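Presented below is the structure to which this report refers.
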Amino acid sequence: MFFKELKRGKGAAFVLVFLLAGCEQTEVVKSVYSVDYRDSTMGTHFTIKIPQLPDNVEPQALKKSIKLRLAELDSQFSTYKVDSEISRINARGSGDWISVTPSFGTVMTEALRINKLSQGAFDSTIGPLVNLWGFGPDPSMTEVPDRQTIQNLLLVTGTENILWDSERLQVKKLKENILLDFSALAKGYAVDEIARLLENQQINDFMVEIGGELRLKGVNSTGDFWRIAVEKPTTDQRMIQQVLAISDSGIASSGDYRNYFEKEGTRYSHTIDPRTGYSIKHAVVSVTVLHDSTMTADALATTFMVLGEEKGLELAKEQNLAVLFILKTDEGFVERSTSQYQLIEQVH
């Protein structure tokens, strides 16, 4: 990975902040970039920027291949589609081995790896608890669930209730009501897949962004590293915390400062700790992770939000990861980061 940090403040006004870009309609535009393609997928938006296409690559043909691959991934990982691969697995009973596609197997393997690495702080069976707190498909819940209901759902979550055979690409549910949800990895995996598609066509400079998860390679249209903003975790307006110049890395962020509800003066985040079943309660409001794999960065950003500052930093340092934690204190926002992330800031 290659990084530089740019000056903060007014000098960041020119920064390409992809998270804030509107994506109202499909377009393939030849302007500063040979390809500036925006559309929607997996319930969110995506942006793909390519400074220069090889002579043998036609923009519309490239668009078609991108859309096809994203549609395939959506048909595998969408929990909103009743006929998707993950929905069909969730609808199956327990006790039988279920064969899955290679893509599903890749994500499944990584989900279980991060679960083990985090000692359960990351868990792809947490969907029922997220739904209980009102942060799933039905957002009507604004009441704090009672303890007994949470305890009952904890009995039907947990990766110990799943068997996975990575060689045969088969999964077995040990409990009837176990549900898989790869929402904390699928967008990152889709980013990696589109990046792989571009690389296979000898495209070596690009930016791929899906729902805020990014993969950068090479340089932008001016020949500089890609400029990416880390957002200040404020609820009322969108501001820049810092700006990075990146070439050849995945990047993902997770935060609890917009998706929450309040009850009797207490704030309840959408980030649920799968070990307790309760909304997280600590000072960390945003985490940014840089990794060669956007899928891994995606999952780790969620993991570190659950773990909080102390345990999160401990794991990030142990794994030699580039991670930025932003904490909300009485004095304002405070940054904590690993030495690998600090190396990014020291490159000019």
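Where a number appears in this text, it was derived from the coordinates with a stated rule and is not lab data. Predicted model only: the values in this text are computed from it and were never measured. No Cβ is skipped: glycine too gets one built from the backbone with ideal geometry, and neighbour counts run over all protein chains shown.
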query: Between Arg275 and Leu154, 0.36 nm times their residue separation minus their Cα-Cα distance comes to what?
result: 42.8 nm
- request: Multiply the residue separation of Lys116 and Asn177 by 0.36 nm, subtract the distance between their alpha-carbon atoms, and state the gained length in nm to one decimal.
  value: 19.8 nm
Cβ-derived FRET efficiency at R0 56 Å, Asp330 paired with Ser65, nearest 0.05: 0.60
- prompt: Can you list the aspartates and glutamates whose alpha carbon is less than 16 Å from that of Lys172, not counting same-chain residues fewer than 8 positions off?
  reply: Glu85, Asp96, Glu160, Asp181
query: What's the FRET efficiency of Gln342 with Gln319 using the Cβ-Cβ distance as r and R₀ = 22 Å, to the nearest 0.05?
result: 0.90
- request: Sort 58-67, 290-299 for me by packing, meaning the mean count of neighbouring Cβ atoms within 10 Å per residue, highest on top.
  value: 290-299, 58-67
- request: Could you work out the relative contact order of region 91-173, using alpha carbon pairs under 8 angstrom and six or more residues apart, expressed as a whole percent?
  value: 42 percent
query: Order of 300-307, 185-192, 68-75 by packing, highest average Cβ count within 10 Å first?
result: 185-192, 300-307, 68-75
query: Among Leu154, Ser84, Asn131, which residue has its Cα positioned farthest towards the positive end of the charge dipole of region 43-160, with +1 placed on the Cβ of Lys and Arg, -1 on the Cβ of Asp and Glu, and the dipole taken about the Cα centre?
result: Ser84
statement: Put in order of increasing Cβ neighbours within 10 Å, starting from the fewest, Lys217, Lys281 give Lys281, Lys217
- request: Please arrange Glu335, Glu167, Glu193, Glu314 by counting, for each residue, the other beta carbons lying within 10 Å of its beta carbon, fewest first.
  value: Glu167, Glu314, Glu335, Glu193
task: For Ser40 and Asp165, compute 0.36 nm times the residue count separating them, minus their Cα-Cα distance, and round to one decimal in nm.
output: 41.7 nm
field: Ranked list, fewest to most other Cβ atoms within 10 Å of each Cβ, for Asp256, Asp83
entry: Asp83, Asp256
